Amino acid sequence: MKKVTALLALVGALTLGLAADATIDVQIEAIQSAPVQERVKLMNEFKKQLMTMNQEERQEAIATLQAQMQATGEMTKTQTRERKQLRVDQAEATGDMVRTQQMNQKQMGNQVAKDFINATGVNPNRGNGGGGHQPIKIPTH
């Protein structure tokens, strides 16, 4: 009797697993054939379903989705868009870093000039100051 119950439980689990696989395949097909706006909605539903799965089921479902997308070329299109966006983001970050570096260099140059003027009383942009002039104090902050 215990063997029969265990066997029935195993068959039931396998049947549920196959039904879940079939459902995932149907969802993936629906996602691929849907227009862009509908695809986003279906993908979000698919993600919600993934959250309810255990780790092994989730990995299988994701692997199936990736395989299907690669077979249709959709994965390549997505990766291409992501790479383009990554390059744009990197270019923006590089530009920001260059601007920040130039700003820091300008601030350091200004600070050095102020320190020089305060220490010597000579403004390098005006010559030697003309003899007996008092040092010019420039507030730093």
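If R0 is taken as 25 Å, the Cβ-Cβ distance between I62 and S33 corresponds to a FRET efficiency of 0.80.
Amide H contacts under 5 Å for G121: I136, restricted to partners 5 or more places along the chain or on a different chain, H placed in the peptide plane at 1.01 Å from N.
Site pair Q55 and V88 shows an inter-label distance of 3.7 nm when each label is modelled 7 Å from Cα along Cα→Cβ.
Throughout, read-outs are computed from the coordinates displayed, never taken from laboratory work. The shown structure was predicted, so the numbers you read here are calculated from the model rather than taken from an experiment. Heads up, the Cβs are rebuilt from the backbone with ideal geometry, glycines too, and the neighbour counts pull from every protein chain shown.
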